[in-house]
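Quick notes on the structure that follows.
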Amino acid sequence: MKYINKYDVNISKIGLGTGRFGTRIDEEKSFEMLDLFIAGGGNLLDTARNYYEWVENGRGVSEKTIGKWIASRKIRNKVYISTKGGVRNQGKNFIINLEKSNLVDEFKESQDALMSKTIDFYLLHRDEPQRPVGEIMETLQIICEQGNVRGLGVCNWSPERIVSANLYANKHGYRPLTLIQTWWSIAAYTETMWNDSTTTHMDKDTYDYILKNNLVCMAYTSQAKGFFQKAIAEGLENLDNFLKHRIATEVNVRRLNYIKEYCEENSLSPTAVVNGYITSNEIDGIALVSCSSINQLNDILENCDSDIDSEFINYIDRIN
Ligand SMILES: NC(=O)c1ccc[n+]([C@@H]2O[C@H](COP(=O)([O-])OP(=O)(O)OC[C@H]3O[C@@H](n4cnc5c(N)ncnc54)[C@H](OP(=O)(O)O)[C@@H]3O)[C@@H](O)[C@H]2O)c1
């Protein structure tokens, strides 16, 4: 496992997405995956207050499952939790609310569910662009006083808003945003991939800002939903409709062919290359992954140490 040494700790460069834990993946299997992840050197768990709120009684269940697992294994000091607030779901609709009282309440709910005063990394799940960044940064400082927060961050914020928020923090001597969560993977982004205008993906301005300011990027959908691994193992024609329609663009098929060649030449597995694109990147990248089976998690953990050369990364980025 590779680690980032920041916030006075070593954080694993693979972060386990736990959204389905306790709902789509039952508690027993969730615990099994969590045990396996820790045994494989992982220590970062990613969740959110609103994960699986879109299934009946799903809100907060992922956090609760993590809290129960930590209590049963007594390993709070060996894991880092990243959770997020500011969003509720009504069916498929996202209701974004970054108002102070709402965020403060949600933070407390997260602490209760996780059974932990410490929330290692606290992020806002979406942006509410009409709300002044100053107001939001004021609220985040209050949140830091309510619990031990190692790092603050945002998901799905434009680079302009991140810059403004950090200028405000700097001016007032406040804790800045140091974690950026966005869609980022070895696949080229396509609008049809997410179909959600409230999300962002890695772009040049965001990348340059992260690099220049030595921030951490938590990449979500970092494996492009398994597109490359599955296409190499099973063939493009056998992919499911989601992957075929949302990810198998001409550009991504060209990337696929190059990745396949690189894997063969360097005796690397597709998983090593897909996640290595993030974990060997020039910026401090964390690949947030999720798995629907123990086999997938084993594959990720067995292939998490490879170094991918910058020449390959630069070449892939130019396939557009
Ligand atoms: N902040 C945000 O707005 C945001 C948004 C999205 C996600 N996230 C976070 O990021 C985490 C990861 O996102 P994600 O689930 O989209 O990531 P992902 O790892 O790109 O996609 C997960 C899917 O990839 C497939 N897969 C996983 N490992 C595989 C392997 N070794 N070989 C082949 N296929 C494999 C599985 O698909 P099948 O189940 O079909 O086999 C799995 O369900 C989430 O759990 C969440 O914590 C954050």
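Values in this text are rule-based calculations from the coordinates and carry no lab data. Everything numeric in this text was worked out from a predicted model, so none of it was measured. Neighbour counts run over all protein chains shown; Cβ positions are idealised from the backbone, glycine included.
Listing 193, 1 from the residue with the fewest other Cβ atoms within 10 Å to the one with the most, what is the order?
Lowest count first: 1, 193.
Taking only Cα atoms, what is the 0 to 90° angle, nearest 10, from helix 27-39's long axis to the longest principal axis of the chain?
It is inclined by approximately 70 degrees.
Quick check: the angle from helix 61-73's long axis to the longest principal axis of the chain, C-alpha only, nearest 10 degrees?
Here the helix axis deviates by roughly 90 degrees.
Helix 250-266 versus the longest principal axis of the chain: what is the Cα-based angle in degrees, 0 to 90, to the nearest 10?
In the chain, helix 250-266 runs at an angle near 70 degrees to the longest axis.
State the Cα centre-to-centre distance between the range 285-308 and the range 171-187 in whole Å.
23
Counting C-alpha atoms alone, how compact is the chain: give Rg to one decimal and Dmax as a whole number, in angstrom.
18.9, 55
Taking loop as defined by DSSP and a crowding limit of 10 other beta carbons within 10 Å, which GluC sites (Glu not before Pro) in the range 34-83 fit?
Counting only loop positions with at most 10 other Cβ atoms within 10 Å, the GluC sites (Glu not before Pro) in the range 34-83 are 56.
Quick one: go through the range 285-317 and flag any residue whose amide nitrogen is under 16 Å from the point 7 Å out along the Cα-to-Cβ line of residue 10.
The answer is 304-306.
In the chain, what % of DSSP beta bridges are antiparallel (nearest 5)?
About 20 percent, rounded to the nearest 5.
Between the range 34-64 and the range 247-264, what's the alpha-carbon centroid distance in Å?
Cα centroid to Cα centroid, the span is 31 Å.
For the chain, with a Gaussian network of springs between Cα atoms less than 10 Å apart, report the residue from 76, 246, 131 with the top mean-square fluctuation.
Per the Cα network of the chain with a 10 Å cutoff, 131 tops the list.
Using Cα pairs closer than 8 Å and at least 6 residues apart in sequence, work out the relative contact order for the chain, in percent.
After rounding, I find 16 percent.
How high is the FRET efficiency between residue 104 and residue 190 when r is their beta carbon distance and R₀ equals 56 Å, given to the nearest 0.05?
It comes out at approximately 0.90.
Taking 0.36 nm per residue of sequence separation and subtracting the Cα-Cα distance, how much length would be gained by fully extending the chain between residue 244 and residue 77, in nm to one decimal?
55.9 nm
Under a plain spin-label model, where a point goes 7 Å from the Cα along Cα-to-Cβ, how far apart in nm are residue 267 and residue 236?
2.9
If the elastic network links every pair of Cα atoms under 10 Å, which of 173, 60, 22 fluctuates the most in the Gaussian network model of the chain?
173
Among DSSP beta bridges whose residues both lie in the range 13-140, state the antiparallel percentage, nearest 5.
Antiparallel: roughly 25 percent of the beta bridges in the range 13-140.
Stretched out fully, how many nm does the piece from residue 164 to residue 90 gain, at 0.36 nm a residue minus the Cα gap?
23.6 nm
Out of the chymotrypsin sites (Phe, Trp or Tyr not before Pro) in the range 36-116, which ones are loop residues according to DSSP with at most 15 other C-beta atoms within 10 Å?
Taking the range 36-116 and a limit of 15 other Cβ atoms within 10 Å, the loop chymotrypsin sites (Phe, Trp or Tyr not before Pro) found are 54.
Just subtract the alpha-carbon distance of residue 97 and residue 146 from 0.36 nm times their residue separation and send over the number in nm, one decimal.
Value of the extension gain: 15.7 nm.
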